[in-house]
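The values are calculated or read from the model by the stated rules, or taken from the named source; none is laboratory data. Here the structure is a predicted model, which is why all the values come from computation and not from measurement. All Cβ positions, even for glycine, are placed from backbone atoms using ideal geometry, and neighbour counts span all protein chains on display. With ligands, DNA and RNA removed, areas are computed over all heavy atoms of the protein, side chains included. Shrake-Rupley method; radii C 1.70, N 1.55, O 1.52, S 1.80 Å.
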Amino acid sequence: MEVLHAALTRRSIRKFLEIPIEMEKIGHMLEAAKHTPSAGNLQPWKFIIITDEDMRKKLGEACLQQHWISRAPVHIVVVAEPHKPKRFYGERGEKLYAFLECGAAIENMLLTAHEDGLGTCWVSAFEEDMLTRELGIPGNVKPVALIAIGYPDEIVSPPPKFLIENITYIESWGSSAKDFGAYYGYTSQHVQRLIKEGKLLLKKVTEKLERVK
Ligand SMILES: Cc1cc2nc3c(=O)[nH]c(=O)nc-3n(C[C@H](O)[C@H](O)[C@H](O)COP(=O)(O)O)c2cc1C
């Protein structure tokens, strides 16, 4: 599956088949998470895999009574370690980077699960004290999300999303294109020409390097 296709077709799934998941697929998700970019490559995250039925029920409670969560056979709880980027980047690292990076890791996992035919839902509405108590999470780190994972038992239509024109400015804040397709078409001719020139240049450089070898 191409990344764009995965991003366009992934949906939050809240109904799961009562079948287990191959652990290799959880492994794929963790591999994808592991390769997420992070400032200074500090990787300020930990992941807790939960399969135990009783614990899944407790987590459903902790997630503000979202009991459907416990029917997902596997959960991954994503925990941010803000102290890591704080050491190098101060307040920005502590308050922003660690959480941004966990978010990026989550999206990597959601897309990977989707490619493997799994359904997921990113859940961040929870009683933090309850969740940390149940999972024994220490005070210096912060749970940011629980990912409910399972084989989907529902087909979800895409929810409404803003048009690109409504969420994108060009070159500076406030200057929007009325029709992004037209803007893209106009600029793409120019860009295509530059790409063609660039590729020719790359070919020449590669040939030159080949001769030097
Ligand atoms: C930070 C965050 C918190 C979320 N928390 C919940 C949640 O607690 N419960 C839930 O059912 N969905 C939750 N979601 C999923 C959103 O409801 C969902 O992404 C949104 O409705 C768009 O649907 P889509 O994921 O199918 O595009 C959360 C998503 C994000 C990014």
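The charge dipole of segment 3-150, taken about the Cα centre with unit charges on the Cβ atoms of Lys, Arg (+1) and Asp, Glu (-1), comes to about 340 debye, rounded to the nearest 20. Sorting M55, M109 by accessible area puts them as M55, M109; the probe is 1.4 Å, largest comes first, and only protein heavy atoms count.
From its DSSP helices (H runs of at least four residues, each -39,500 (n - 2.57)), the chain gives a residue-normalised ellipticity at 222 nm of -15000 deg cm²/dmol. For Y169, the accessible area of its heavy atoms, probed at 1.4 Å with every protein chain present, is near 100 square angstrom. By a 1.4 Å probe calculation restricted to protein chains, E24 has an accessible surface near 120 Å², given to the nearest 10.
Entry comment: accessible area of segment 144-213 is 87 Å² per residue, from protein heavy atoms only and a probe of 1.4 Å. Taking label positions 7 Å along the Cα-Cβ direction at both R133 and E22, the computed distance is 4.0 nm, reported to one decimal. Restrict the search to segment 170-213; then list the GluC sites (Glu not before Pro) that DSSP places in a loop and that have at most 12 other Cβ atoms within 10 Å of their Cβ. Sites meeting the loop and neighbour criteria: E171. Suppose R0 equals 22 Å. What FRET efficiency, 1/(1 + (r/R0)^6) with r the Cβ-Cβ distance, do E31 and D52 give to the nearest 0.05? Approximately 0.40, to the nearest 0.05. Taking a point 7 angstrom from the Cα of K15 along the C-beta vector, which residues in segment 134-164 have backbone N less than 18 Å away? The answer is 148-159. Scanning residues 5 or more positions from F16 or on other chains, those with amide H under 5 Å from its amide H are D153, with H placed 1.01 Å from N in the peptide plane. Here the 3J(HN,Hα) profile of segment 158-164, calculated from phi with Karplus coefficients 6.51, -1.76 and 1.60 at θ = phi - 60°, is x, x, x, 10, 4, 5, 4 Hz, Gly and Pro shown as x.
What a 1.4 Å probe finds exposed on the chain is 58% carbon and sulfur by accessible area, rounded to a whole percent.
Charged neighbours of E18, selected by a Cβ distance under 12 Å, balance to 0 (K, R count +1; D, E count -1).
Straight Cα distances below 25 angstrom link K57 to the lysines K15, K25, K46, K142, with same-chain residues fewer than 8 positions distant left out.
Fully extending the segment from L202 to M1, taken as 0.36 nm per residue of separation minus the present Cα-Cα distance, adds 69.5 nm.
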